[in-house]
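Trainee: Sharing a structure below in structure tokens format, with a few things to ask.
The values are calculated or read from the model by the stated rules, or taken from the named source; none is laboratory data. Just so you know, these numbers come straight off a predicted model, no measurement behind them. Ideal geometry is used to build each Cβ from the backbone, glycine not excepted, and the neighbour counts take in all protein chains shown. Surface accessibility is based on the protein's heavy atoms, side chains included, excluding ligands, DNA and RNA. Shrake-Rupley method; radii C 1.70, N 1.55, O 1.52, S 1.80 Å.
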Amino acid sequence: MVAQELELKKRLLQECTKLLNTQIKAAKDAMDDAQESANEHQGAIEDKFESFREACQIQRDMYARQLDELITTMSVLKRINATKESKEVAFGAVVHTNLQNYFIGVSLGQLEVDGETYYAISGMSPVFKAMAGKIAGDTFEFRDQKYKIEQVF
């Protein structure tokens, strides 16, 4: 059973990595496009296109910040050890409750693996804080709902 659980954890980690790589590529492409638009108008009549070039630079900077955040998120994700079984709810754990399933790592929202829905949440999320340190069989409350932890690995 442990091998199956660790395989699922590995698949969740791969899904998160794939999703983040897609977001990183989109941010890079958008940043490059904004820079290219600004560069294309460099030789044009200065006064008329100056504000356009500035707008492109602002947009490029916005995508650069987004890219930086995504790269930081990826570095957090890379700290998860998919070969380590967790007994309690902590960073890197997969948590099955009576209401929802969670993968504790980075906040990426809903994931679909093996026909089951999981929510990739960060260690800063309120729902994680409500269940942190708990083990299978424990209960916790979040937003007026009572959760029972069925499995942690």
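Trainee: With every protein chain left in place and a probe of 1.4 Å, what is the accessible surface of residue 11, to the nearest 10 Å²?
Mentor: Per-residue accessible area (residue 11): approximately 90 Å².
Trainee: What residues qualify as long-range amide H neighbours of residue 106, i.e. H under 5 Å apart, gap of 5 or more or another chain, H built at 1.01 Å from N?
Mentor: Residues meeting the amide H criterion: 121.
Trainee: Around residue 81, what is the net charge, scoring Lys/Arg as +1 and Asp/Glu as -1 over all other residues with Cβ under 13 Å from its Cβ?
Mentor: +4
Trainee: Please compute the per residue accessible area over segment 63-113 with all protein chains in place, 1.4 Å probe, rounded to a whole number of Å².
Mentor: Result: 52 Å² per residue.
Trainee: Could you tell me the calculated FRET efficiency between residue 28 and residue 7, based on Cβ-Cβ distance and R0 = 35 angstrom, to the nearest 0.05?
Mentor: Given R0 = 35 Å and the Cβ-Cβ separation, E is 0.65.
Trainee: Another question, if that's okay. Calculate, in nm to one decimal, what residue 110 and residue 132 gain on full extension: separation in residues at 0.36 nm each, minus their alpha carbon distance.
Mentor: 5.9 nm
Trainee: If you don't mind, there's one more thing I want to ask. Grab the Cα-Cα distance for residue 17 and residue 146, subtract it from 0.36 nm times how many residues apart they are, and report the gain in nm with one decimal.
Mentor: Once the chain is fully extended between residue 17 and residue 146, it gains 43.4 nm.
Trainee: Mean-square fluctuation check for the chain, GNM, Cα pairs under 10 Å: which of 29, 114, 68 is largest?
Mentor: Greatest mean-square fluctuation among the candidates belongs to 114.
Trainee: So, one more: Can you send over the solvent-accessible area of residue 135, 1.4 Å probe, protein chains only, in Å² to the nearest 10?
Mentor: So the heavy atoms of residue 135 present about 80 Å² to solvent.
Trainee: Quick check: net charge around residue 114, other residues with Cβ under 11 Å of its Cβ, Lys/Arg +1 and Asp/Glu -1?
Mentor: Computed value for this residue: -3.
Trainee: With contacts defined as alpha carbon pairs under 8 Å and 6 or more residues apart, what's the relative contact order of the chain in percent?
Mentor: This gives 22 percent for the chain.
Trainee: Go through segment 78-87 residue by residue and turn each phi into a ³J(HN,Hα) via Karplus (6.51, -1.76, 1.60, θ = phi - 60°); whole Hz please, and just put x for glycine and proline.
Mentor: The phi angles translate into 5, 7, 6, 9, 6, 9, 9, 7, 9, 9 Hz.
Trainee: Also, quick follow-up: Label points 7 Å out from Cα along the Cβ direction at residue 84 and residue 57: separation in nm?
Mentor: 4.5 nm
Trainee: On to the next question. When all protein chains stay in place, what accessible area (Å², nearest 10, 1.4 Å probe) is found for residue 50?
Mentor: We get 60 Å² for residue 50.
Trainee: At 1.4 Å probe size, with the rest of the protein present, what percent of the exposed accessible area of the chain is carbon and sulfur atoms?
Mentor: After summing per-atom areas, the C and S share lands at 50 percent.
Trainee: Work out the count of Lys pairs in the chain where the Cα-Cα distance is under 14 Å, with the pair 8 or more places apart or on different chains.
Mentor: Final tally of qualifying lysine pairs is 10.
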